[in-house]
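What follows is one structure encoded as structure tokens, with my remarks underneath.
Laboratory data are not the source of any read-out in this text; all were calculated from the coordinates shown. Small disclaimer: the values here were computed from a predicted structure and weren't measured. Heads up, the Cβs are rebuilt from the backbone with ideal geometry, glycines too, and the neighbour counts pull from every protein chain shown.
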Amino acid sequence: MPDPHLVLASSSPYRKKLLSQLGVNFVTASPAIDETRQPAESAPALATRLAEEKTRALAAQFPEHWIIGSDQVAALPDGTQLGKPGNHTRARVQLKACSGQVVSFHTGLALLDSATGRMESRCEIFHVHFRPLSDQDIEHYLKTETPYDCAGSFKVEGLGIALFSALDGRDPNTLIGLPLIALIDLLKAWGLNPLTEAYRNSSRDSTI
């Protein structure tokens, strides 16, 4: 389609803000899927599968669109997976487990053309080196930023940066939940250049 309609399959304000940076027109919708991990499913496999399922969940609602799905799973060096903590107690447990460790964040990305069924997906990895964290460090951070809706119990775009000694990966947006560099690769491969689209949109706005 020459001027594709984009849908972000997410209710996350963080992902919405990231995609807005590209200057493309899009709408958001929340997909209803079962995010239960399958037996022995690895972190990258889980993240990729959920990203794909999010796009498929919206295909009937948006039958002539390009649907973007993303999901993130964090894993400790021993393979233990970390999801969104949901509350202070679980966030404290997560950060204690991350203290002094290198935690791998796997972010699945999927792009579905709902008109044709064409799907492409990939998984981006980003490694976070946590500083040794005292109980006081953890309590002060959690009470300051309350990152209970974030995998790994931190917000890298906020005070969470104080928890780390190093970051290792090609796209820091991956940590926030939407790997923009990989998404741009996919969009361009399918014929949509975000630079061109953003220019067109800004030109339209300037003539209003």
Angle between the chain longest axis and helix 135-145 axis [Cα atoms, degrees, rounded to 10]: 30 degrees
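Can you sort 164, 62, 105 by how many other beta carbons sit within 10 Å, fewest first?
In order of increasing Cβ crowding within 10 Å: 164, 62, 105.
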Helix axis angle, 180-189 relative to the chain longest principal axis, alpha carbon, degrees: 30 degrees
Virtual spin-label span in nm between residue 149 and residue 78, 7 Å along Cα→Cβ: 3.1 nm
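Can you give me the relative contact order of region 121-191 as a percent, contacts being Cα pairs under 8 Å and 6 or more apart?
Normalised by residue count, the contact order of region 121-191 is 40 percent.
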Length-normalised contact order of region 45-171 in % [C-alpha pairs under 8 Å, at least 6 apart]: 28 percent
Point-to-point label distance, residue 16-residue 101, nm (Cα→Cβ direction, 7 Å offset): 3.2 nm
Cβ-defined net charge surrounding residue 31, 9 Å radius [Lys, Arg +1; Asp, Glu -1]: +1
Lysine pairs with alpha-carbon atoms under 21 Å apart, the chain, spacing 8 or more or separate chains: 15
Projected label distance in nm at residue 28 and residue 196, using a 7 Å step from Cα toward the beta-carbon: 2.8 nm
Residues listed by number, region 129-151, amide nitrogen under 13 Å from residue 35 label point at 7 Å toward C-beta: 148-151
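Sorting 199, 141, 148 on the 10 Å Cβ count, fewest up front, what's the list?
Fewest to most other Cβ atoms nearby, the residues stand as 199, 148, 141.
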J(HN,Hα) series, region 15-29, from Karplus relation 6.51 cos²θ - 1.76 cosθ + 1.60, nearest Hz, glycine and proline x: 5, 4, 5, 5, 5, 4, 4, 7, x, 9, 7, 7, 10, 10, 8
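For 190, 66, which order do you get if you count the other beta carbons within 10 Å of each Cβ and list the fewest first?
Arranged by neighbour count, lowest to highest, 190, 66 become 190, 66.
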Residue 164 long-range amide H proximity, modeled H, under 5 Å: 131
MRE, 222 nm, helices only [DSSP H, n ≥ 4, -39500 (n - 2.57), over the chain, to nearest 500]: -10500 deg cm²/dmol
Cα-based helix-to-principal-axis angle, 194-207 vs the chain, degrees rounded to 10: 70 degrees
Compactness of the chain, expressed as Rg and Dmax over alpha-carbon positions, Å: 17.9, 56
